[in-house]
């Protein structure tokens, strides 16, 4: 289903008797990212540390819990979009899924099955088996190539620190060439300062991928999304990726991050110790700020924090309504809110 936006433009400075109405029609597409908080199946994988998320594990992760989680995540995804018809996003970056099988269950849930989503996924070297993935509506996006890029890190003792890949997908979005990068950067375990070099390394890998695409096509439209475990104002984004928050400052090849203005207003996608962070972000090359009417450009960004995704009582009142809290099954959705951007273009 196409999302169509009608905007009336009026020449307000003319005398009232001379005003003529002109209607412009726009097509709106939705790009979303969601960290779904440990979407694991119930099967014990001997090659990963997934024991907690099994029926006999610490979390007592049963088939009932798993099916409830699938249904709830599917509902959330089905409701992210411009119009009120619950068309769902046209492409979705996903973090914290265990394998392709959980994605298959997700897109076949009644909330999503009629959306005709395709899946792009690689198993990452993460020790817990946590991966990123990409979902796309087959009638809107046609993938031409995809590749996972390993982020090679070592701890202070020289041992390999296995973490999530970065996933690059290139293809045609409504016949317009576009590239997507899905990220889940290293956590802040051990403290923000101590773990910062790992996220800066992730930013350098992201920049390397972006620069390689721009070298081939200086006008490449590249959208990067993910749980970065850093805020838009942190060094990984401002010093390494050199993201801009002012549209007027964006030049050819530079990166615009609409989330920076949100975080400066105190908005966030997750909460910890009564502080909000905006770790979940979507940013993109300046080509998506163009004024060309016949191609897609950025319109607006947002955090999908509907009332049912928020905990309304207890110690964590106001936080995202998560699956587990305090080591106990809470029956919520995720410890993160999804984020999204709208792309828009004028149509006949």
Give the separation of the Cα centroids, the range 248-276 to the range 310-348, in Å. 17
Between 0 and 90°, nearest 10: helix 192-216 axis offset from the chain longest Cα axis: 50
Residue 123-residue 204 pseudo-label distance in nm [points 7 Å out on the Cα-to-Cβ vector]: 2.9
Sorted on mean Cβ neighbours within 10 Å (highest first), peptides 146-155, 232-241 come out as 232-241, 146-155
For the range 206-348: span of alpha carbons on each principal axis (Å, largest first): 50, 40, 25
What's the extension gain from residue 101 to residue 254 if we count 0.36 nm per residue and subtract their Cα-Cα distance? 51.4 nm
Taking 23-30, 308-315 and ranking on average Cβ neighbours within 10 Å, highest first, one gets 23-30, 308-315
Provide the gained length on full extension for the span residue 290 to residue 346, in nm with one decimal, where the gain is 0.36 nm per separating residue minus the Cα-Cα distance. 18.9 nm
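Assuming R0 = 35 Å, can you tell me the calculated FRET efficiency for the pair residue 297 and residue 157, based on Cβ-Cβ distance, to the nearest 0.05?
0.15
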Rounded to one decimal in nm, the spacing of the 7 Å Cα→Cβ label points at residue 142 and residue 43 is 3.4
For labels at residue 272 and residue 51 in the simple 7 Å Cα→Cβ model, what's the distance in nm? 2.5
Report the calculated FRET efficiency for residue 67 and residue 194 (r = Cβ-Cβ distance, R0 = 35 Å), to the nearest 0.05. 0.35
Output the 0 to 90 degree angle, nearest 10, between the alpha-carbon long axis of helix 63-78 and the longest principal axis computed from the alpha carbons of the chain. 10
Rounded to the nearest 5, the percent of DSSP beta bridges in the chain running antiparallel is 80
Rg and Dmax of the range 128-279 over Cα atoms: what are they, in angstrom? 16.1, 49
Mean Cα-pair separation over length for the chain, i.e. relative contact order, pairs under 8 Å, 6 or more apart, %: 17
Under the 0.36 nm per residue contour assumption, what length would be gained going from the current alpha-carbon distance of residue 264 and residue 114 to full extension? 50.2 nm
Options [x] 20.6, 78; [y] 21.6, 65; [z] 24.8, 108 are given for Rg and Dmax of the Cα atoms in Å, and the computed one is [x]
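Every number in this text was worked out from the coordinates using simple rules, so none of it is lab data. What you see is a predicted model; the values in this text were computed from it and never measured. Cβ coordinates were reconstructed from backbone atoms using ideal geometry, including for glycine residues, and neighbour counts include every protein chain displayed.
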